[in-house]
Amino acid sequence: MTGRTHEATADPITLPGTPLAEAVLNLIRPVETPSVFNHSIRSYLFARLVAGRLGLTVGHDYHDDLLFAACAMHDLGVASDGPHSQRFEVEGADRAAAFLIDHAVPAADADQVWQAIALHTSPGIAERRGTLCVLVREGVALDFGGPLGADHVDAVTDEQADAVHAAYPRLDMVRSLTDAIVAQAVRNPKNAPRYAIPGEFLRERETFGRTRLEHVCRSSRWGN
């Protein structure tokens, strides 16, 4: 992996100061909605807190640049400039891995990021595919406040949560992200296979007017 690995900071909102992290930010910021962009960054900040709770050491148990890349790009599949020709998790994983290879990241590291993104909606599988997959899944789950898994909700103090949300407001994230996933599902059935998240979101919206996730997130720790 290129670039120096930086020690995680006690500041809950500090991002990696590496060239790769800057390149990732420059990639996602113009093509994701502010709501999805903020969600992606919060997922990283929360994943880093989970790593601390689990006693994982940056540079030994995981690479901070790879964790940032995987979290920041985990919803690249709903970016405005994408082909939207397959389920969003796989499309995002493909785009992220290709981007990393283009930025001289070793293929093995790029594949770790691919797995973490492709499997972040797959409970029971992501947890068996290594530390990076675990941290990305837990960081994303934490940003939903509990409905995707509440094992580490208490890894974030109220003070840390306030700092993270002040820097990266939620902006009705659950609704915004669900809208984007469902819109892709409506346009192309290949984006929404049954029993995958996109297919279930589409079915629930068509049947009930909103997804179960949207409903339960209203009573989650963050309220949306």
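The values are calculated or read from the model by the stated rules, or taken from the named source; none is laboratory data. Since we're looking at a predicted model, the values are computed, not measured. Cβ sites come from the backbone with ideal geometry, for glycine too, and all protein chains shown count toward neighbours. Remember, those area values only see protein heavy atoms, side chains included, never the ligands or the DNA or RNA. Shrake-Rupley method; radii C 1.70, N 1.55, O 1.52, S 1.80 Å.
Quick notes on this structure:
- Whole-number Å³ per residue for the convex hull built on Cα positions in region 76-144: 91
- Result for the chain in a Gaussian network model with C-alpha springs under 10 Å: among G77, G59, G146, the largest mean-square fluctuation is at G59.
- Cα pair count fraction exceeding 11 Å, expressed as % - region 16-61: 71
- One way to sum up the overall shape of region 99-224 is the equivalent ellipsoid from its Cα gyration tensor, whose semi-axes run 24, 23, 14 Å, largest first.
- D154-V216 pseudo-label distance in nm [points 7 Å out on the Cα-to-Cβ vector]: 2.0
- Between A116, A69, P193, the Cα set farthest toward the positive side of the dipole of the chain (charges on each charged residue's Cβ, about the Cα centre) is that of P193.
- Of L27, L76, the order by accessible heavy-atom surface (1.4 Å probe, DNA, RNA and ligands excluded), from most exposed downward, is L27, L76.
- Distances between placed amide hydrogens fall under 5 Å for V58 paired with A8, all partners being 5 or more residues away or on another chain.
- Dividing the Cα radius of gyration of region 32-117 by its Kirkwood radius returns 0.98 for Rg/Rh.
- Viscosity 1.306 mPa s, temperature 10 °C, Stokes-Einstein D of the chain from Kirkwood C-alpha radius, µm²/s: 92
- Remark: the chain carries a charge dipole of roughly 720 debye about the Cα centre, counting +1 on each Lys and Arg Cβ and -1 on each Asp and Glu Cβ.
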